[in-house]
Amino acid sequence: MTKQNSNRGKKNRNRGRRRKNLATPVVPSPAYPGDVRVKMRLGLSFTANINVTPQVLVMNDVTTVVPNWSVRAADFQEYRVVGGVFHLQPRTTSTGTPTATDTKTWISAIFESVGLVIAPSYPYQVLELPNADVRPMNTANPRSAKRYVWRCKDINALIFGPVTQAPVAQFVNLVTAQDNGISVTGWQVQVTGFLDVEFKGLATV
């Protein structure tokens, strides 16, 4: 066989092979055939105050953001949150009606961390965080709302934890604050959306 024919054969063998996309997270296979894995999309709903001093909210703390979490998770032993979509809408705590605060804005940012983080001291520091955004504090303005989409990029490093506990290692942090350096009393952010949760292991009685 000539050298040219030999090279042609190698090309034909490689033609049908697909390259792996290393940027796409790969969900690990169960440890053994009887290992139960169940994925569920759970809605979330809660409110938080918007203050001049920034505050940090743990968005993947299912024990506080998912209504009736203890009931939804009662059939399983462990869980991990692999993604979510968060809709943020500012509103007044008293009536929720539109108010004329066009000259003031609110700031938000979302990012992952290993371990709990300390809230920034000043609103301008929130703008230095990943995915930071500034919106008007006017509920009549449709641009006052903000939407975040989060997906875990390194799912192989995302550990499972007991369903009775908040996350123990990885955290998805939402930071909110008022801008302009002037306190605006009676304002909250309504957070709705959903979390993609993967459960592992059936609970036994």
On a full-extension model of 0.36 nm per residue, what is the gain between Ala48 and Ala140, subtracting their alpha-carbon distance, rounded to one decimal in nm? 31.2 nm
Extension gain from Gln190 to Lys104, taking 0.36 nm per residue of separation minus the Cα-Cα distance: 29.2 nm
Can you give the net charge of the other residues whose Cβ lies under 15 Å from the Cβ of Val56, counting K and R as +1 and D and E as -1? -3
I want to check the label-to-label distance for Ser183 and Ala169. Put each point 7 Å from Cα in the C-beta direction and report it in nm to one decimal. 4.1 nm
Run the count for region 36-202, please: Lys pairs, Cα-Cα under 26 angstrom, 8 or more apart or on different chains. 4
Which parts of region 135-171 would a label at Ala203 reach, counting a residue when its backbone N lies under 11 Å from a point 7 Å out along Cα-to-Cβ? 163-165
So, with +1 on the Cβ of K and R and -1 on the Cβ of D and E, and no other charges, what is the size of the charge dipole of region 36-202 about its Cα centre, to the nearest 20 debye? 380 debye
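Coordinate-derived values only; no laboratory data. From a predicted model like this one, the values you see are computed outputs, not experimental measurements. Backbone-built Cβ (ideal geometry, glycine too); neighbour counts: all protein chains shown.
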